[in-house]
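J.: Mind looking over this structure? Questions follow.
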Amino acid sequence: MSVDTKTPHAPSAAAVDKQPPVRPTRSRTTRSRGGATASSFSSRAVVNTILVIMAFYTLMPLTWLIFASTKNNGDLFAHPGFELGDFNLFSNLRALFSYNDGIFATWLGNSMLYSVVGAAASAFISLLAGYAFDKYNFPLKNKMYGVVLLGILVPSTVVSLPMYLMASKVGLVNTYWAVLIPGLVNPFGVYLARVFSEGYVPGETLEAARMDGASEIRLFRSVSLPMMAPAFMTIFLFSFTGSWNNFFLPLVMLNDSSKYPVTLGIYNWNQTVSQYPEFYQLVITGSLISVIPLAIAFLGLQRYWRSGLTAGAVK
């Protein structure tokens, strides 16, 4: 058996010269990938530009507030809004918290009471309602849930006057309960609680606990409530923000300034600045201080806020 050991003939120099030149062309995949990269970069640039503009628009009033709270009344009108004058922040804070025997600290305490206690109770009641709508069957369940969802569409200011009339019937006007009780009802919180219950509490786990002899109350307390802890924090944050910014309901319900929340108290000071210009600094410094608890709540609980928005969007 013979083996062909001849090497192939190399092309001659003349044949090589006759071959057409190879053009350095890019493949279709490379072109499409480059186009997608350019399109993605353009999209990110547009989105980032819009976000920068929105961030600037959002932070500009807060920046003005910080600058203005460091000035005295003379510098407040003598200098542009974003220009510093003499530093008087600490003297403004002393004047704020010492005016009228520290009424501003009382308003801050009232706002904390209305917001923290009201938000915690509202979140717990919403969890109970959302869990019941998800895990139990009872007559008129879907119709009742539809009524709850309808409450999301009704602005709170629309129902403030009917609530005032009912509160006046039972003698709750000008009391802390007049602001706390309406804040317990949170239709959006019930909706979020049902969404979280569907996603976080498996029915198989509840059935296993029932087979082990757990009662329904123990099921909720020992099994479902720990699983729904993120839902509680999310609803609490929503309710806290709504209660802290609540203005119209306290305006309707309260007459005694010692029960005012901080929003209503600053509003009353602002009504007198035309006659008493020294209130300008109290209003500005008080507004800056009233923002701090909201900022702390957002920074501390922002991951629950995002998860709540995502849950609502997916549903």
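J.: Could you give the length gained by full extension between GLN271 and SER258, i.e. 0.36 nm per residue of separation minus their alpha carbon distance, to one decimal place?
T.: Details: separation 13, 0.36 × 13 = 4.68 nm, distance 1.74 nm.
Answer, rounded to one decimal: 2.9 nm.
J.: Hey, another quick one. For segment 220-273, just the Cα atoms, rotate onto the principal axes and tell me the three extents in Å, largest first.
T.: Sorted from largest, the Cα extents of segment 220-273 read 54, 18, 15 Å.
J.: Work out, step by step, the length gained on full extension between ASN245 and MET60: first 0.36 nm times the residue separation, then minus their alpha carbon distance; give nm to one decimal. Numbers along the way, then the final one.
T.: Working: separation 185, 0.36 × 185 = 66.60 nm, distance 1.95 nm.
Roughly 64.6 nm would be gained on extension.
J.: Over segment 107-205, give the accessible area per residue in Å² for a 1.4 Å probe, as an integer. Could the numbers behind the result be given before it?
T.: Numbers: 5260 Å² over 99 residues.
The answer is 53 Å² per residue.
J.: At 1.4 Å probe size, with the rest of the protein present, what percent of the exposed accessible area of segment 194-236 is carbon and sulfur atoms?
T.: Values: 1410 of 2300 Å².
Taking all protein chains in place, segment 194-236 shows 61 percent carbon and sulfur surface.
J.: May I pose another question? Mind checking which aspartates and glutamates have their Cα closer than 17 Å to the Cα of LYS141? Skip sequence neighbours fewer than 8 apart in that chain.
T.: Cross-link targets: GLU198.
J.: Pop the C-beta distance of ILE296 and THR205 into the FRET formula with R0 = 35 Å and round what comes out to the nearest 0.05.
T.: Details: r = 35 Å, r/R0 = 1.00.
Efficiency, rounded to the nearest 0.05: 0.50.
J.: Return the FRET efficiency for the residue pair PHE138, ALA229: r is the Cβ-Cβ distance, R0 is 22 Å, and the value is rounded to the nearest 0.05. List each step's numbers first, then the result.
T.: Working: r = 26 Å, r/R0 = 1.17.
For R0 = 22 Å, the calculated efficiency reads 0.30.
The values are calculated or read from the model by the stated rules, or taken from the named source; none is laboratory data. Note that the coordinates shown come from a computational prediction; the quantities given were computed from them, not determined experimentally. Every residue, glycine among them, receives a Cβ derived from its backbone with ideal geometry; neighbour counts consider all protein chains shown. With ligands, DNA and RNA removed, areas are computed over all heavy atoms of the protein, side chains included. Shrake-Rupley method; radii C 1.70, N 1.55, O 1.52, S 1.80 Å.
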